[in-house]
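Peer 1: The structure follows.
The values are calculated or read from the model by the stated rules, or taken from the named source; none is laboratory data. Since we're looking at a predicted model, the values are computed, not measured. No Cβ is skipped: glycine too gets one built from the backbone with ideal geometry, and neighbour counts run over all protein chains shown.
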Amino acid sequence: MDELLHPYLSASGQASEDEHLKELVSTWAAPIIRRTVSSRLSGLWEDLEDVCSEAHLELLLHLRRIKARPGALEIDDFSAYVGTLARNACHHYFRRRRPGRARLIAQIRCLLREPEFRTWPGQGTTLCALSTWSQDLPPASTGAHFRGVEGHADLGRLLTGILETAGGPIPFQVLVDSVASVWKVTGDQETVQAGEELDLYPAASQAAEITIDRRRYTENLWREIRQLPRLQRVALLMNLRDGRGNSVLSMFPLSGVATFAEMASVLEMSELQLAELWIELPWNDNTIAAFLCCSRQQVINLRMAAKKRLSNRLGALPA
């Protein structure tokens, strides 16, 4: 284990542990993260802080795992590890802007588990269909099922449009190819060089007042979520995702609205538990049902009740 980590790992008591963790991150890791991210996001300064924050969060998660399980995980060269972690954060940033095929496949598989869709084996592959369709419905004929389908940013709506256009079940690979054609997704790329085809990436900069409004909304959202019954909190937060199926739970710690410890407390689990399952998020309804020891339909009802209450209390998200 790198000797830089010894003070933090040997600290006893929450105050001492937090002090050494803050020094480790602020003094040693932060400059490496910022230097690495800055070199790769040259010209995309409006997103620099977000990517740095994501790298910080990932580092904190890993350090907490190491602290909770001494000897189970090792970091031999802390500086090298932080540099690799920062580079990975940059890779994830570019893939979110224009996700590669591997990520797209994972997103589609996740969404196909939702109530709107169903799958079953057939013709040597997995057939994908709308949940209202009978398994006796013959597969759709081969063809470009994406023609005439609007390129929704919401992947769920796009899948529904493709299946409705097809008029029948289609193989999983055909569904992936159709989405890739609509979104113009090519093969995975490890990196995107700064300044290369930047017009492909929509600008994320916003007026200051809009940013402030969004921050206020996130703070109010978190306050209202904390007041929900525990089952509703879990059903909502563990499934929280954006239009492409990615977990957005990290928006709370990244925006400074809630610490990682506060999130674990709201979910009524330990920080170690949350850190270990973080990479699995968002959970589908079956996983949440198993965690809560209830039925899948109960999970759906819990989340709907939570969303209805939040909508009544908060209204719409600021533009």
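Peer 1: Condition first: surrounded by 15 or more Cβ atoms within 10 Å (Cβ to Cβ), assigned to a helix (DSSP H, G or I), of a type in the set (Phe, Trp, Tyr) and at pLDDT below 80. Can you find one or more residues in segment 6-26 that meet it?
Peer 2: Taking every residue of segment 6-26 in turn, none turns out to be surrounded by 15 or more Cβ atoms within 10 Å (Cβ to Cβ), assigned to a helix (DSSP H, G or I), of a type in the set (Phe, Trp, Tyr) and at pLDDT below 80.
Peer 1: Still on this structure, I have one more. For residue 209, are the conditions met, namely being of a type in the set (Asp, Glu), crowded, with 16+ Cβ neighbours inside 10 Å and either over 21 Å from residue 111 (Cα atoms) or at pLDDT below 90 (or both)?
Peer 2: Judged against the criteria, residue 209 is not a match.
Here is a yes/no grid of residues against (1) within 20 Å of residue 300 (Cβ to Cβ); (2) part of a strand (DSSP E or B); (3) modelled with pLDDT under 85:
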| site | (1), (2), (3) |
| --- | --- |
| 119 | yes, yes, no |
| 126 | no, yes, no |
| 132 | yes, no, no |
| 137 | no, no, no |
| 147 | no, no, yes |
| 158 | no, no, no |
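Peer 1: Now, a different point. I'd like the residue in segment 154-183 that is surrounded by fewer than 22 Cβ atoms within 10 Å (Cβ to Cβ) and among the polar types (S, T, N, Q) and, out of all such residues, is farthest from the chain's Cα centre (by Cα).
Peer 2: Per the criteria, the residue is 165.
Peer 1: Hey, another quick one. Does segment 31-47 hold any residues that are in a helix (DSSP H, G or I) and modelled with pLDDT under 80, and which are they?
Peer 2: The answer is 45, 46, 47.
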